[in-house]
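Each remark here refers to the structure printed beneath this line.
The values are calculated or read from the model by the stated rules, or taken from the named source; none is laboratory data. No experiment lies behind these values; they were computed from the predicted model shown. Ideal geometry is used to build each Cβ from the backbone, glycine not excepted, and the neighbour counts take in all protein chains shown. Note: accessible area is taken over every heavy atom of the protein model, side chains too, but ligands, DNA and RNA are not part of it. Shrake-Rupley method; radii C 1.70, N 1.55, O 1.52, S 1.80 Å.
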Amino acid sequence: MTLTIRKLLCAAIGTLAFAATPHAADKLVIAATPVPHAELLEFVKPMLAKEGVDLEVKVFTDYVQPSMQTNEKRVDGNFFLHKPYLDEFKKKQKNDIQTIVTKVHVEPFAGYSLKHKSLAELPEGGTVALPNDPSNSGRALLLLAKQGVITLKDPNNIIATTKDIVANPKKLKFRELEAATLPRVLNQVDLALINTNYAIQAKLNPVKDSLFIEDASSPYANLLVAREDNANSPAMKKLAAALTSPEVKKFIAEKYQGAVVPAF
């Protein structure tokens with residue numbers, strides 16, 4: 001075999017090998033809280049793989065690290081928060097680079113008690129536990145006001161605090177705690193306002209176990225959020241499409257039985 005033919009043959013084999021190599025998948029790393037966010041992301045993983053997107057889910061149990069890691073570009077985006085939370089977070093972070101990609105679902109916020117079967121049974125001077133982050137504590141107070149438990153100075157102020165309570169007929173005492181810990185203190189308080197993701201993790205059914213719950217008009221839709229520099233990337237658009245697909249709507253309805261509601 002001459003040198004020229006050998007070179008041509010090697011080149012041809014190299015070309016065939018290159019052609020046979022599968023196209024490298026686009027990689028997306030998304031930070032999420034466990035339920036339902038990480039579960040929804042795991043559900044769409046096979047759908048994205050078919051679209052050439054390799055999705056990695058990083059699970060966190062708090063409401064701070066997913067946003068911080070997005071800002072630090074350690075992940076491509078996150079899936080755990082709603083707009084009021086994002087707005088409050090942006091006020092505190094000068095260099096926040098998070099931007100909304102799409103709404104996905106609503107987790108109706110609810111009030112729970114192990115000691116009482118109705119709000120009417122709440123005793124005078126009883127203790128009510130609330131999330132300690134501003135957007136969710138405000139959300140809890142708005143829900144309490146809607147139930148007639150308290151009266152707020154402005155019933156539409158989504159970042160209301162306990163200082164905005166103008167009427168508290170039962171002289172209830174309020175404890176503000178980290179949202180993730182609220183299910184664990186249920187046996188220590190008369191009432192706790194708990195985010196649905198943490199309620200589900202604690203085996204509480206928001207529809208069956210709560211004393212009261214937000215209705216479908218809740219403005220607190222959970223969002224897929226990305227960095228500003230990759231929000232319009234093909235991979236992120238494919239993830240947004242998958243999370244708002246008919247398949248996901250059916251999955252939400254069947255798995256969460258009303259505890260999670262599609263927002264698309």
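Points to keep in mind about this one:
- Sparse-neighbourhood loop sites, trypsin sites (Lys or Arg not before Pro) in the range 70-117 - DSSP loop, at most 16 other Cβ within 10 angstrom: Lys73, Arg74, Lys94, Lys115, Lys117
- Selection from Met68, Met236, Asn132, by position along the positive dipole direction of the chain (Cβ): Met236
- Nitroxide proxy distance, nm - points 7 Å out along Cα→Cβ at Glu178 and Lys208: 3.0
- Cα-based helix-to-principal-axis angle, 246-256 vs the chain, degrees rounded to 10: 40
- Take every Cα pair under 8 Å whose residues are at least 6 apart in sequence, average their separation, divide by the length of the range 63-170, and the relative contact order is 19 percent.
- For the range 155-264, the average shadow cast by the Cα convex hull is 9.6 nm², which is a quarter of the hull's surface.
- Set against the labelled values (i) 12.6; (ii) 14.5; (iii) 17.7, mean projected area of the Cα convex hull in nm² computed from this structure falls on (iii).
- Measuring with a 1.4 angstrom probe and ignoring ligands and nucleic acids, Arg175 comes out at about 90 Å² accessible.
- Net charge dipole, the chain: roughly 240 debye, given to the nearest 20, about the Cα centre with Cβ charges of +1 for Lys and Arg and -1 for Asp and Glu.
- C-alpha center-to-center spacing [the range 241-264, the range 36-96] in angstrom: 18
- For Phe60, the amide hydrogen comes within under 5 Å of the amide hydrogens of Ala32, Thr33, counting only partners 5 or more places away or on other chains and with H modelled in the peptide plane.
- Relative to the longest principal axis of the Cα atoms of the chain, the long axis of helix 234-243 lies at roughly 50 degrees.
- Computed FRET value (nearest 0.05) for Lys171 with Gln147, which takes r as the C-beta separation and R₀ as 22 Å: 0.85
- Residue (of Met47, Ile158, Val59) at the positive-pole extreme of the chain, dipole from beta-carbon charges: Met47
- Between Ala25 and Ile100, full extension at 0.36 nm per residue minus the direct alpha carbon distance yields a gain of 24.6 nm.
- Seen from Leu172, the other residues with C-beta closer than 15 Å to its C-beta sum to a net charge of +1, counting Lys and Arg as +1 and Asp and Glu as -1.
- Relative contact order %, the chain, counting alpha carbon pairs below 8 Å whose residues are six or more apart: 27
- For the set Glu88, Glu51, the ranking by accessible area, highest first and with no ligand, DNA or RNA atoms included, is Glu51, Glu88 under a 1.4 Å probe.
- Carbon + sulfur, % of accessible area of the chain - ligands and nucleic acids excluded, 1.4 Å: 55
- A helix-only calculation puts the chain at -10000 deg cm²/dmol for mean residue ellipticity at 222 nm, using -39500 (n - 2.57) for each DSSP H run of at least four residues, averaged over all residues.
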